[in-house]
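Take a look at the structure set out below.
The values are calculated or read from the model by the stated rules, or taken from the named source; none is laboratory data. Keep in mind the model is a prediction, meaning the values are calculated, not measured. Glycine gets a Cβ as well: all are built from the backbone with ideal geometry, and neighbour counts include every protein chain shown.
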């Protein structure tokens, strides 16, 4: 009888330890993609602040780690216990991640400096369209048969600076990121944005293999943050 008791006790403790270890080894990855995640700046980014608020409430101490965007995506879709953001949900990505938390809408726009508000047809006639590599923006240009786009792994500032230095004619990115760059470089009067050419949603996504109980805690805590006004407050700091 004692043997059975201790066997059950051991299994219970082992299971609890396994869950705890899974939570302790959560990896949170992103890239420098303002205003969602900012590696160097006065504020860390909208979704970084949201993740930090969730972690504070559920007592998770995993840091947010910055990587090149293509590497961060590969890590999250090929490993266990990863959280990745800001990830736009697309048909091509649908089966690669667990789309746990829908954070905010995204508008895809062409950005020009002192030029014109471009249509897709006009953008195709430009010499150089710069775009972030390994993103739905680059995939969009490919599917639209653009021949003049130059995907790059460089940070967002470099894409914007290509416009400033006349090394690119336009930049395809999110409206939120374009607005952030216009504010950062005090060029709001010079930056022109096209009408949205596509729309989507930005997610906090999990790797396909992620502790179910912890996944639920993240989702429920995010909803609590929405209800108590924390999410609205964070968003207001980036407008």
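Things to note:
- Only residues that are assigned to a strand (DSSP E or B) and closer than 15 Å to residue 174 by Cβ were counted in segment 73-116, giving 13.
- When 172, 163 are checked against the criterion of being over 15 Å from residue 114 (Cβ atoms) and touching a residue at least 12 places away in the same chain (Cβ under 8 Å), a single residue qualifies: 172.
- Just one of the listed residues (199, 145) is on the phi > 0 side of the Ramachandran plot and exposed (fewer than 15 other Cβ atoms within 10 Å of the Cβ), namely 145.
- Filter result (under 14 Å from residue 32 (Cα atoms) and either assigned to a loop (DSSP other than H, G, I, E, B) or not assigned by TED's automatic domain parsing to the domain that holds residue 121 (or both)) within segment 131-155: 133, 134, 135, 153, 154, 155
- Residue check, residue 173 part of a strand (DSSP E or B), more than 28 Å from residue 231 (Cα to Cα) and touching a strand residue (DSSP E or B) at 6+ places or on another chain (Cβ under 8 Å): no
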